[in-house]
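Engineer: Sharing a structure, written as structure tokens. Questions coming.
The values are calculated or read from the model by the stated rules, or taken from the named source; none is laboratory data. This structure is a prediction, so every number in the text was calculated from the model and none was measured. Reconstructed Cβ throughout: ideal geometry from the backbone, glycine too, with neighbour counts over all protein chains shown.
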Amino acid sequence: MRRLKLPLLRRFRDDTEGVVTVEFVIIFPVFIALLLIAVELGFITMRYALLERGLDMTVREIRLGTGADWQHDEIKDKICDNALSVAHCKESLRLEMRQKSIRNYTSLSDTVDCTDRAEETNPVAFQTGGENDLMVLRACYKYRPLFPAALLGSKLTKDASGDASIVAMTAFVQEPK
């Protein structure tokens, strides 16, 4: 009986059929995971770049448009118009603008108040400045990750409705009229 088992094991050990399949089954999921992470990160980067672009272009118009009295809704609409293809921008964007002292600057708090679709919205912290006032404008955009429960999407900080956020911030000085 031993003689029958030994040649069977040798034959199994020497058989090379299916080696590529085993290698494929081990390596393929790793490549797919890297691809999905790259796609998710690409979309996050694109949203951030477009939000930054919209914020910078709007702040430039505010600075150069001396004498104009910009209000919250106008600034929000302008940011969304300049941000191009940011989906659901007007519903998912929350702005915070505060006047700061040039000589005794303190940054905005690290706690960002973003819109949470699952909760009631808090009043917006928004101050319009006067001539030569330093203004800090922070925009928070909520979005749904492409793969919310997998890979990179599972590592993002999300609110109760499953949305992640992107925050962009800029500062400018109000021009004299």
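Engineer: Identify, please: which residue in the stretch 62-73 is out of contact with any strand residue (DSSP E or B) (no Cβ under 7 Å at 6 or more places or on another chain) and exposed (fewer than 14 other Cβ atoms within 10 Å of the Cβ) and is, among those, nearest to PRO145 (Cα to Cα)?
Structural biologist: Ranking the qualifying residues of the stretch 62-73, first place goes to ASP73.
Engineer: Just give me the residues in the stretch 35-52 being touching a residue at least 60 places away in the same chain (Cβ under 8 Å) and more than 20 Å from LYS78 (Cβ to Cβ), in sequence order.
Structural biologist: LEU36, ILE37, VAL39, GLU40, LEU41, PHE43, ILE44
Engineer: Could I ask something else about it? Return yes or no: is LEU51 buried (at least 16 other Cβ atoms within 10 Å of the Cβ) and not hydroxyl-bearing (Ser, Thr, Tyr)?
Structural biologist: Criteria met by LEU51.
Engineer: On the basis of being at pLDDT 90 or above and either over 17 Å from the mean Cα position of the chain (by Cα) or surrounded by fewer than 18 Cβ atoms within 10 Å (Cβ to Cβ) (or both), does ASP81 make the cut?
Structural biologist: yes
Engineer: Further question on the same structure: Those residues that are touching a strand residue (DSSP E or B) at 6+ places or on another chain (Cβ under 9 Å), touching a residue at least 24 places away in the same chain (Cβ under 8 Å) and outside any loop (DSSP other than H, G, I, E, B), I need them from the stretch 137-163; list them, please.
Structural biologist: Result: LEU137, ARG138, ALA139, CYS140, TYR141, LYS142, TYR143, GLY153.
Engineer: What are the residue pairs meeting all of these: first residue in the stretch 12-32, first residue in a helix (DSSP H, G or I), second residue surrounded by 10 or more Cβ atoms within 10 Å (Cβ to Cβ), Cβ atoms under 6 Å, and 6 or more apart or on different chains?
Structural biologist: From residues that are in a helix (DSSP H, G or I), there are no pairs.
Engineer: Being surrounded by 15 or more Cβ atoms within 10 Å (Cβ to Cβ) and more than 29 Å from VAL30 (Cβ to Cβ) is the filter here; which residues of the stretch 129-146 pass it?
Structural biologist: The answer is GLY129, ASP133, LEU134, MET135, VAL136, LEU137, ARG138, ALA139, CYS140, TYR141, LYS142.
Engineer: Out of (1) of a type in the set (S, T, N, Q); (2) touching a residue at least 24 places away in the same chain (Cβ under 8 Å); (3) assigned to a helix (DSSP H, G or I), what's the single condition that is false for SER85?
Structural biologist: Single failed check for SER85: (3).
Engineer: Return yes when LEU4 is farther than 19 Å from VAL167 by Cβ and at pLDDT below 90 and no when it is not.
Structural biologist: yes
Engineer: Continuing with this model, one more query. Can you tell me which residue among ALA160, ALA149 is under 24 Å from VAL39 (Cβ atoms), at pLDDT 80 or above, loosely packed, with under 15 Cβ neighbours inside 10 Å and of a type in the set (Gly, Ala, Ser)?
Structural biologist: Checking each option against the conditions leaves just ALA149.
Engineer: Give the residues of the stretch 87-105 that are more than 20 Å from the chain's Cα centre (by Cα), of a type in the set (S, T, N, Q) and surrounded by 12 or more Cβ atoms within 10 Å (Cβ to Cβ), sorted by residue number.
Structural biologist: GLN99
Engineer: Sticking with this one: Do we find that ASP73 is assigned to a helix (DSSP H, G or I), closer than 16 Å to LEU137 by Cα and in contact with a Ser or Thr (Cβ under 8 Å, 6 or more places away or on another chain) in this structure?
Structural biologist: no
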